[in-house]
1. Kindly indicate which of GLY146, GLY133, GLY65, GLY57 is open to solvent by 10 Å² or more (accessible area, probe 1.4 Å) and within 30 Å of PRO223 (Cβ to Cβ).
2. Any idea which residue in segment 149-169 is most open to solvent (accessible area, probe 1.4 Å), counting only those that are in contact (Cβ under 8 Å) with a residue 40 or more places away in the chain and assigned to a helix (DSSP H, G or I)?
3. Determine, yes or no, whether HIS21 is touching an Asp or Glu at 6+ places or on another chain (Cβ under 8 Å), modelled with pLDDT under 80 and of a type outside the set (Val, Ile, Thr).
4. So how many residues does segment 106-148 have that are outside any helix (DSSP H, G or I) and closer than 30 Å to ALA470 by Cα?
5. Considering segment 431-452 alone, what residues qualify as being part of a helix (DSSP H, G or I), open to solvent by less than 60 Å² (accessible area, probe 1.4 Å) and not aliphatic (A, V, I, L, M)?
6. Can you name the residue in segment 295-324 that is closer than 16 Å to ALA211 by Cβ, without any contact (Cβ under 8 Å) to a residue 12 or more places away in the chain and part of a helix (DSSP H, G or I) and is also most open to solvent (accessible area, probe 1.4 Å) among such residues?
7. If the requirement is being modelled with pLDDT under 85 and either within 24 Å of VAL278 (Cβ to Cβ) or in a loop (DSSP other than H, G, I, E, B) (or both), which of these qualifies: PHE72, PHE53, PHE81?
8. Looking at PRO428, is it closer than 16 Å to TYR86 by Cβ and either open to solvent by less than 30 Å² (accessible area, probe 1.4 Å) or among the hydroxyl-bearing types (Ser, Thr, Tyr) (or both)?
Amino acid sequence: MKERFSLNHSMFWRKPVEDLHAEIANRPSLKRVLRPTDLVLMGVGAIIGTGVFVLSGVAAGLHAGNALPLSFLIAGVVCLFAALCYAEFSTMIPVAGSAYTYCYTSLGEIWAWIIGWDLVLEYGLAISAVAIGWSGYFCVLAGSLGFVIPASLSHPFGVDGGIVNLPAVIIVLCLTVLLIHGTQKSVRLNAIIVGIKILVILLFIVLGAGAIHPVNWQPFMPPTGWFGVFSGAAIVFFAFIGFDAVVTAAEETEEPQKSMPAGIIGSLVICMILYVIVGIVLTGIIPYTELTAPDAINAPIAFALEKIGYSWGAMLVSVGAICGMTSVLLVMLFGQSRILFAMSRDGLVPGIFSVVNPVTQTPVNVTVFTGIITAVIAGLFPLSIVAELVNMGTLVAFSIVAFGVIVLRWQQPGLKRPFSCPGVPYIPLLCIACCIFLICHLNTLSHQLFLIWLFLGLVVYFLYGVKKSANRQNGNTCLPEPIPCTINPGAPLAPLPEITTRDSRADPAAGTLKTPPVIARDT
């Protein structure tokens, strides 16, 4: 007889929080080498990149106008709500997997698969999109130095005579090799790159502050009013994507209960402050209407410095943009591989992805797989709608994590939480409402493509994951109930206790009740 899909089905089973650490001890695990500073730098490295160097011009010129700083602030606050939810989970469940693992413990396997499949889309397309942007900046910089890369090797097939976007492929593969050789080496390179791009942004702020014309800030609100501000926030939301990549490193972090909140919230606050200042300076240097020019759309910060006579500054910004995108690629490749690693360890995707190299203690197979797939996409496909699709996937992930915080607080209020999200359930509900609001400001095609991806994911789950799940193989029956069930259906029933009658007499010597003998009746 086929198993019925009821609440007792394995796809609704949760992973008990208490068992996660024991599981890690008995399965392939990762080396803990990351400190709070490393996590902050990792978060800044993942956040500052394509968003501020490219999308700031799009958001100001086409949507928010002089209210660009307000759009940055709104997007940052939404991410801050989500960051508080992520911080609670990351200290309570310091293992690889990010939102995927959090949903497995709070909502159940089917929701964990949905969020994991969603994160595969988010990180995969983000890697490819940033690699394409990196290639564009690299080709411009190489051309200014006298090295012209032919169009056939700098554009994807069928675009402007292109065959393959070779720089995009090469940078992804090079960073994949770096990640294979160990997390600690990757962190050192990331720290250097983060330092370079922060210096470049500070250089822009210093140079631009002396050329601000307050008249450029008039009028402050765009012609479309608050709709333009919120549309701008939905676009620049891409600029904040990356802080959640920090939580994928929980299993490789020293003292994660203390380090994770500092890494998540610290990196987000630093970037939010820098973004708002950049928005103020950018719209003060030149009228926002000039940011719709082709050169400004591709490189708004360098364009603004060129306009005020700092050509050398524009060159340095281009170098900083390349460095910034490199660090984003590094952290996103790291995050993507760790999510697939966690899903493989749970049996939802093939076990080859959870093999850990005994020398470097890194998941080599899944890192190579992630690098090859994203390099092919970056080299062969023009992803014009990638930014909005990535935003779509991220907003859905943030919403589910926030809901998971509410559910787990309700199901297990006494669970140890080294860091507690304040204002539950109001902060998580605000996060969910804001995410849904920004989703509504994305275009319809993004919604349709996301639903297609979700459908494909459910097909894969029901054909493979639900049958191979380690949770199902182990018979873990922690059901999604307010009070978790402690009865194991596979275990034999305990013997019934001895029942005494009302006529039982007390034994003064033993202090117990004696049951009178049962007299059999003749039939």
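1. GLY133
2. If we take residues in segment 149-169 being in contact (Cβ under 8 Å) with a residue 40 or more places away in the chain and assigned to a helix (DSSP H, G or I), then LEU166 is most open to solvent (accessible area, probe 1.4 Å).
3. So HIS21 fails the test.
4. Adding up the residues that qualify gives 2.
5. CYS431, CYS434, CYS435, SER446, HIS447, PHE450
6. It comes out as TRP312.
7. One residue alone meets the criteria, PHE53.
8. Judged against the criteria, PRO428 is a match.
The values are calculated or read from the model by the stated rules, or taken from the named source; none is laboratory data. Please read all numbers here as calculations on a predicted model, not as lab measurements. Methodologically, a virtual Cβ is constructed for each residue, glycine included, from the backbone with ideal geometry; neighbour enumeration extends over all protein chains shown. Each accessible area value is taken on the protein alone, full model and side chains, heavy atoms only, with ligands, DNA and RNA left out. Shrake-Rupley method; radii C 1.70, N 1.55, O 1.52, S 1.80 Å.
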